[in-house]
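Q: A single structure is presented below for examination.
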Protein chains: 2
Amino acid sequence: MKYPSPYAPDFSNRDPLTGVAEDFPTRWSPRSFVKTAIPAEDLEVIFDAARWAPSAYNEQPWNILTSTDETFETFLGLLVEANRKWAVNASLIGFMVARRNFTQSGKPNPTALYDCGSAWMSLTLQARKLGLYTHGMSGIRRDAIYEAFGIDRDDFEVVAGFTIGVLDLKENLGKPYVDWESPSPRKPLAEIWKQGVW
Amino acid sequence: MKYPSPYAPDFSNRDPLTGVAEDFPTRWSPRSFVKTAIPAEDLEVIFDAARWAPSAYNEQPWNILTSTDETFETFLGLLVEANRKWAVNASLIGFMVARRNFTQSGKPNPTALYDCGSAWMSLTLQARKLGLYTHGMSGIRRDAIYEAFGIDRDDFEVVAGFTIGVLDLKENLGKPYVDWESPSPRKPLAEIWKQGVW
């Protein structure tokens, strides 16, 4: 891992089955980042991983809009205030924007957001392989994002935001964030997996 | 890998950047499956991986409805005909069903499908780690699925289908499927990744 973590997160409230690859239960969404410039070559690898996600008719409806530079303040201002406070220390802020309609037919793509979620998971897992962390954000100012970048609402849907960064000690987070800074548990498998009947 | 492949797929039309983990560009969506009973312990690991995906407010909006047994014919009949013809040899047919609203507030969840896509990618990558393949399907009979299982449309959205199976030689696929049986290429990275400006 190119970006080692300053502490070992406590995963004791997570209960993956034996045999689940550690990529999945050891991925989590911290808020404590230490401001670090991530070389372009690492970001390229992360976003390249997203390219290989599957999508309906291979439409690849994902569009990833990111900032690491002098536009960072603008991107930060497009988050809700509660996210701005910790995201300021991330290395990158990004927005996932889905193409609503199929490029070929112009018809609505019912899995556009779903397919974008696959791409998002791919980039997240690739980031972890480098030792970096991501944090997805639904707390974004969607209307302001369409306006700020001139994104056509008929063609595109701003889905979610995210940060990429280098983990910092959680003690460096202020209140109330420090109290939330640990991997979250999950529902039991039986609650999400239904076999044969709904 | 518990389920070895009978041939090495040709990835020569894929151009991942150096450094991208092979999990991503070597995942693809075949149609050639050889009917195989997958032990419950392997399916459990696959769906357990999905549990660890991130979601807005940790809502975990994913509901995974699957069949491997005497309900298989019913599930098969809920695919469009073009998918039925090859999916018949898969080991499992599944549907991803998203909870539309937040459980706590009852308000619409704008990232429900996106979060389900993350769970879908997790289960897909975990399946590959076992040597199994998945194939996502947007070609499903959505209306019939709501009816067949009594799924409440106000609360849930049937998003997509998928199969899990053991790879067969592509030569065993009939026309026209055999002609499509190879990993698909992707758009160049510059086309999906926009830095600072839309």
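Values quoted throughout were computed directly from the atomic coordinates according to the rules given, and no laboratory measurement underlies them. None of these values were measured; they are calculated from a predicted model. When we count neighbours, we look across all protein chains shown, and the Cβ atoms used for this are built from the backbone with ideal geometry, even at glycine.
Q: Calculate the radius of gyration of the Cα atoms of segment A:72-198 to one decimal place, then report Dmax, the largest Cα-Cα distance, as a whole number, both in Å.
A: 17.3, 52
Q: If you average the sequence gap of Cα pairs under 8 Å that are 6 or more apart and divide by the length of segment A:33-137, what percent do you get for the contact order?
A: Relative CO of segment A:33-137 lands at 39 percent.
Q: Moving to a separate point now. For A:Glu147, which inter-copy label distances result when the label point lies 7 Å beyond Cα on the Cα-to-Cβ vector, reported in nm to one decimal and in ascending order?
A: Taking the point 7 Å beyond Cα along Cα→Cβ, the inter-copy spacings are 4.6 nm.
Q: Further question on the same structure: Could you work out how far apart the two model spin labels at A:Asp152 and A:Lys107 are, taking each label as a point 7 Å from the Cα in the direction of the beta carbon, and quote it in nm?
A: Inter-label distance under the simple model: 2.0 nm.
Q: Looking down the axis that turns A into B, which residue of A has the closest beta carbon, and how many Å out?
A: A:Gly117, 1
Q: Percent of Cα-Cα pairs more than 14 Å apart in segment B:40-112, please.
A: Pairs farther apart than 14 Å: 67 percent.
Q: Starting from the Cα of B:Phe11, step 7 Å along the direction of its Cβ; do the same at B:Lys85; then give the gap between the two resulting points in nm.
A: 2.9
Q: Give the aspartates and glutamates whose C-alpha is closer than 13 Å to that of B:Lys85, dropping any in the same chain fewer than 8 places away, or say none.
A: B:Glu73
Q: A further question on this structure: Give the cross-link partners of B:Lys2 among the lysines, using a straight C-alpha distance below 18 Å as the criterion and excluding same-chain residues fewer than 8 apart.
A: Those lysines meeting the cut-off are B:Lys35, B:Lys129.
Q: Taking the Cα centre of segment B:42-198 as origin, sum charge times position over the Cβ atoms of Lys and Arg (+1) and Asp and Glu (-1), and report the length of that vector in debye to the nearest 20.
A: With only Lys, Arg, Asp and Glu charged at Cβ, the dipole is about 640 debye.
Q: I'd like the distance between the alpha-carbon centres of segment B:1-59 and segment B:97-136, rounded to an integer number of Å.
A: 15
Q: Taking N as the number of residues in the protein assembly as shown, what is its alpha-carbon radius of gyration divided by 2.2 N^0.38 Å?
A: Taking N as the residue count of the protein assembly as shown, the ratio is 0.95.
Q: Continuing with the same structure: Out of residues 5 or more away from B:Asn101 or on other chains, whose amide H comes under 5 Å of its own, with H placed 1.01 Å from N in the peptide plane?
A: When sequence neighbours closer than 5 places are left aside, the close amide H contacts are B:Asn109.
Q: From the backbone phi of segment A:69-79, what are the Karplus-calculated ³J(HN,Hα) couplings (6.51 cos²θ - 1.76 cosθ + 1.60, θ = phi - 60°) in whole Hz, Gly and Pro given as x?
A: In residue order, the calculated couplings are 10, 5, 8, 4, 4, 4, 4, 4, x, 9, 8 Hz.
Q: Give me the dipole magnitude in Debye, nearest 20, for the protein assembly as shown about the Cα centre, with unit charges on the beta carbon: positive for Lys and Arg, negative for Asp and Glu.
A: Using only the charged Cβ atoms, the result is roughly 60 debye.
Q: In chain A, which helices (entire DSSP H runs) extend 15 Å or more along their own long axis, judged by Cα positions, while averaging at least -0.5 on the Kyte-Doolittle scale?
A: For chain A, where a helix must reach 15 Å along its axis and average at least -0.5, the hits are A:40-51, A:112-130.
Q: For Cα pairs less than 8 Å apart in space and 6+ apart in sequence, what is the mean separation divided by the residue count of chain A, i.e. the relative contact order in percent?
A: Reported as a whole number, the value is 34 percent.
Q: Hey, can you grab everything whose amide H is under 5 Å from the amide H of B:Thr36? Only 5+ residues off in sequence or another chain; H modelled, so Pro and N-termini drop out.
A: So B:Thr36 has HN proximity to B:Ser91, B:Val166.
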